[in-house]
Amino acid sequence: MTKRKMTMGVIVGNRNFFPALLAKAGREDIIRVLAKKGYDAIVLSLEDTKYGVVETFEDSKRCAALFRENRDHIDGVIVTLPNFGDERAIANTLRMADLGVPVLVQATPDSAGKMTIEHRRDSFCGKMSACNNLRQYRIPYSLTSLQR
């Protein structure tokens, strides 16, 4: 009997006034890292939403439906924040999907030399805001830690 690969649902957070290209690149990065580690990913496609990210209530509904369709395969959800991300959209996605699996929230750090309007992420601030909403929705989550 072959062992089934672990499968992660992935929510890529974005907020429309932050650089969307950072969200697009962050989506590509998380999919690549998961594949390299031997995990499958269930994530919105580039056709589902702009850059396959979640930033509106409509995006939340699409992502939650995708997760519900694949609920028997999803072992956990990773919320990745390549930039600030819309905290309500993230919380609504998880609430509507109602998977009952572990949730990990990850934020991509800003680069000190790239704090221009084109490259500013503010994802750690967004992480605090998203986690506040998850707590209000009573959705348990885990956090990554910065290791040096």
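The values are calculated or read from the model by the stated rules, or taken from the named source; none is laboratory data. Please read these numbers as outputs of a predicted model, since none were measured by experiment. Neighbour counts are summed over all protein chains in view; Cβ atoms, including those assigned to glycine, are modelled from backbone coordinates with ideal geometry.
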Check your understanding: Is it the case that region 73-82 has a residue that's among the polar types (S, T, N, Q), surrounded by 15 or more Cβ atoms within 10 Å (Cβ to Cβ) and assigned to a helix (DSSP H, G or I)?
Key -> no
Review point. Out of region 29-38, which residues are free of Cβ contacts under 8 Å to residues at least 24 places away in the same chain and either touching a Pro at 6+ places or on another chain (Cβ under 8 Å) or surrounded by fewer than 14 Cβ atoms within 10 Å (Cβ to Cβ) (or both)?
Key: 32, 33, 35, 36, 37
Point to revise | Residue tally, condition surrounded by fewer than 23 Cβ atoms within 10 Å (Cβ to Cβ) and within 10 Å of the chain's Cα centre (by Cα), over region 11-26 | key: 0
**Study point:** Candidate set from region 39-65 (those that are without any contact (Cβ under 8 Å) to a residue 40 or more places away in the chain and touching a Leu at 6+ places or on another chain (Cβ under 7 Å)); member that is surrounded by the most Cβ atoms within 10 Å (Cβ to Cβ)
**Key:** 44
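Can you report the number of residues in region 66-78 which are touching a residue at least 60 places away in the same chain (Cβ under 8 Å) and either touching a Leu at 6+ places or on another chain (Cβ under 7 Å) or farther than 15 Å from residue 103 by Cβ (or both)?
Keep residues of region 66-78 that are touching a residue at least 60 places away in the same chain (Cβ under 8 Å), which gives 70, 73-78.
With either touching a Leu at 6+ places or on another chain (Cβ under 7 Å) or farther than 15 Å from residue 103 by Cβ (or both) added as a condition, the list becomes 70, 73-74, 76-78.
Going through region 66-78 one residue at a time, the tally reaches 6.
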Practice item. Scan region 40-50 and give yes if some residue there is closer than 23 Å to residue 144 by Cβ, of a type outside the set (Val, Ile, Thr), touching a helix residue (DSSP H, G or I) at 6+ places or on another chain (Cβ under 9 Å) and part of a loop (DSSP other than H, G, I, E, B), otherwise no. Key: yes
Exercise for review: Give me a count of the residues in region 128-148 that are within 22 Å of residue 22 (Cα to Cα) and modelled with pLDDT of 80 or more.
Suggested key: 6
Study note, to complete from the structure: The condition from (1) assigned to a loop (DSSP other than H, G, I, E, B); (2) aliphatic (A, V, I, L, M); (3) closer than 25 Å to residue 129 by Cα that residue 25 misses is numbered (1)
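Tell me which residues, restricted to region 51-61, are closer than 15 Å to residue 88 by Cβ and either in contact with a His (Cβ under 9 Å, 6 or more places away or on another chain) or part of a helix (DSSP H, G or I) (or both).
57, 58, 59, 60, 61
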